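What follows is one structure encoded as structure tokens, with my remarks underneath.
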Amino acid sequence: MGRQAVTGQALAMSPIRAAWISCTLALAAAPGLAASSWLALVGDPANPAADYIEFDPASLAQENGLPVLSIRVSRVLARTTKEGIVFRSFESTVAVDCRQASARFVRASFYAEPGFKGQPFRTVTFGPADVRPMAFREIQGAPTQRVVRAACRHSAVKSLE
């Protein structure tokens, strides 16, 4: 028998398949069940000519009563922080304030190369008095709001368990 052509209808996702994918992602975020599993939030990590942001749902935890999670950002062009740190990518822990619908950087490790290649050349911890709002300048797609919504939804579910 010959192979059948794949049509647009065959690519449509059924509600059952969508639920299965959602459950799989929820299990990946469950403590102790999965190692780091970065998911693209904005951009395409496979495209070296694109900025992208990823988050690790398995990293979601509580610190000081707030949800915290790991994100990482890779930039096509070098960026400079307020402190003069020139970087191409960074990994960070962010704390989310669900009541204020905001997030702040808690720790950040900076890399000279895109895609988190090599070792970080600098790691910075931002204390409670040194608030660094999570913002992604010149990246489209409202990534800050997406991170906040995801963290707060998951935290609300965890508090009901």
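Here are the numbers for the structure shown:
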item: Single residue of segment 79-114 satisfying the filter (of a type in the set (Gly, Ala, Ser) and surrounded by 14 or more Cβ atoms within 10 Å (Cβ to Cβ)) that is nearest to the chain's Cα centre (by Cα); result: SER92
item: Test for ALA108: is it of a type in the set (A, V, I, L, M), farther than 15 Å from ALA78 by Cα and touching a helix residue (DSSP H, G or I) at 6+ places or on another chain (Cβ under 9 Å); result: no
item: Residues that are in contact with a Gly (Cβ under 9 Å, 6 or more places away or on another chain) and modelled with pLDDT under 90, drawn from segment 42-57; result: PRO48
item: PHE126 of a type in the set (Phe, Trp, Tyr) and closer than 22 Å to VAL42 by Cα; result: no
item: Residue in segment 133-141 that is within 20 Å of PRO57 (Cβ to Cβ) and at pLDDT 90 or above present; result: yes
item: Subset of segment 26-41 [farther than 30 Å from GLY127 by Cβ, at pLDDT 50 or above and in contact with a strand residue (DSSP E or B) (Cβ under 8 Å, 6 or more places away or on another chain)]; result: ALA40
item: Close pairs (7 angstrom Cβ cut-off, 6 or more residues apart or separate chains): touching a residue at least 40 places away in the same chain (Cβ under 8 Å) in segment 135-151, crowded, with 18+ Cβ neighbours inside 10 Å and part of a helix (DSSP H, G or I) anywhere; result: PHE136/PRO143; PHE136/THR144
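The values are calculated or read from the model by the stated rules, or taken from the named source; none is laboratory data. Computed from a prediction, not measured in an experiment: that's the story for all the values here. Quick reminder, even Gly has a Cβ in these numbers, built from the backbone with ideal geometry, and neighbours come from all protein chains shown.
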